[in-house]
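Colleague: Let me give you the structure first, and then I'll get to my questions.
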Amino acid sequence: MNVLSALAIAAIVGALLLTVWRRILLSLTLSLAILIVFALTYASSNVPSLGPPIFKDLVWVVQGTEILSPPWTLVTTIFVHNGLFHLMFNLLGFFLITPILEERIGSLRWAIVFFAGSLFGQLLYWMLHLGEPFILVGASGGLLAVLGAFGRLYPRERITLFLPFLFLPAVPVIWVVVGYLFLSFVLAATPGTVAHEAHIGGIVLGFVAAPLVMRIPAARTRVRTVRVNTAALEPLATARELRAILDELRAADVPEVQAAWSDKFVQQARCPACGGPIRDRRGTLVSPCGWRLRP
């Protein structure tokens with residue numbers, strides 16, 4: 001292993017440690033590691049004086065039924081991307097979708113979903129292509145596992161899709177999960193170089209495993225228990241979106257999910273007396289005009 005390969009691995013380990021040390025979202029520190037690894041792999045491939053390309057030191061290579069790569073490549077291959085478009089597409093997922101879920105469920109649970117989804121996607125692709133040589137790179141499997149978990153825990157949460165030169169309205173995340181899963185099955189049946197089966201594995205694992213992952217105690221996080229009388233909130237649900245949030249609050253059975261929907265309801269609701277904003281003060285809803293409600 002040359003120096004640049006060691007630096008790439010150090011960047012990945014450093015991203016994990018930075019999250020623990022500074023309490024920065026793991027989705028953001030991993031994005032930084034991905035950028036560093038991309039820069040190092042590009043430099044090693046285009047500047048001969050830096051030594052041999054480090055691509056082979058970081059990716060998971062399979063020849064027939066034999067794995068030709070060292071064990072750490074099961075993780076490092078997630079951080080390697082095949083070109084600028086592949087890199088930018090995945091970084092958009094890191095910046096636009098994954099931080100929302102990580103803030104709600106915690107970095108530890110998010111990391112389990114992400115890395116388990118990546119690994120399961122790789123293994124599923126391998127099982128479906130036994131005897132074929134291939135190289136798997138990229139974070140798409142993990143990102144789609146996070147998307148699947150997002151759709152399972154917050155199905156009606158609206159997210160905005162980004163496509164080049166195309167602006168799409170915000171849609172419920174469960175629509176995105178189902179739509180992307182269907183599209184992946186279609187694309188997997190057509191010839192190509194993209195590992196759509198790994199994408200399917202990631203999104204399915206995230207969707208199925210999300211409730212189990214939520215049983216893991218949040219690391220260093222005090223979970224706020226929500227005991228809300230949703231019937232008392234009915235008069236405040238004057239808009240369609242507020243009624244949808246109230247329905248999600250009734251259906252939620254995980255403390256963090258309940259807390260998130262409760263906070264979102266309070267943020268969007270308005271005082272029935274003055275029309276002003278509402279704040280939650282130790283379990284009592286209040287507004288600037290003096291209106292109070294304890295659900």
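Colleague: If you check Phe89 against the conditions, is it within 30 Å of His129 (Cα to Cα), in the same structural domain as Ala145 (by TED's automatic domain parsing), part of a helix (DSSP H, G or I) and aromatic (Phe, Trp, Tyr)?
Modeller: Numbers: within 30 Å of His129 (Cα to Cα): yes; in the same structural domain as Ala145 (by TED's automatic domain parsing): yes; part of a helix (DSSP H, G or I): yes; aromatic (Phe, Trp, Tyr): yes.
Yes.
Colleague: Taking interchain pairs and intrachain pairs at least six residues apart, which have beta carbon atoms under 8 angstrom, with the first residue in the range 112-139 and at positive phi and surrounded by 17 or more Cβ atoms within 10 Å (Cβ to Cβ) and the second among the hydrophobic types (A, V, I, L, M, F, W, C) and at pLDDT below 90?
Modeller: Between residues of the range 112-139 that are at positive phi and surrounded by 17 or more Cβ atoms within 10 Å (Cβ to Cβ) and residues that are among the hydrophobic types (A, V, I, L, M, F, W, C) and at pLDDT below 90, there is no close pair.
Colleague: Take Ser45 and decide whether it is surrounded by fewer than 16 Cβ atoms within 10 Å (Cβ to Cβ) and at pLDDT below 90. First the steps, then the outcome.
Modeller: Details: surrounded by fewer than 16 Cβ atoms within 10 Å (Cβ to Cβ): yes; at pLDDT below 90: yes.
In short, yes.
The values are calculated or read from the model by the stated rules, or taken from the named source; none is laboratory data. Note that this is a predicted model, so its numbers are computed, not measured. No Cβ is skipped: glycine too gets one built from the backbone with ideal geometry, and neighbour counts run over all protein chains shown.
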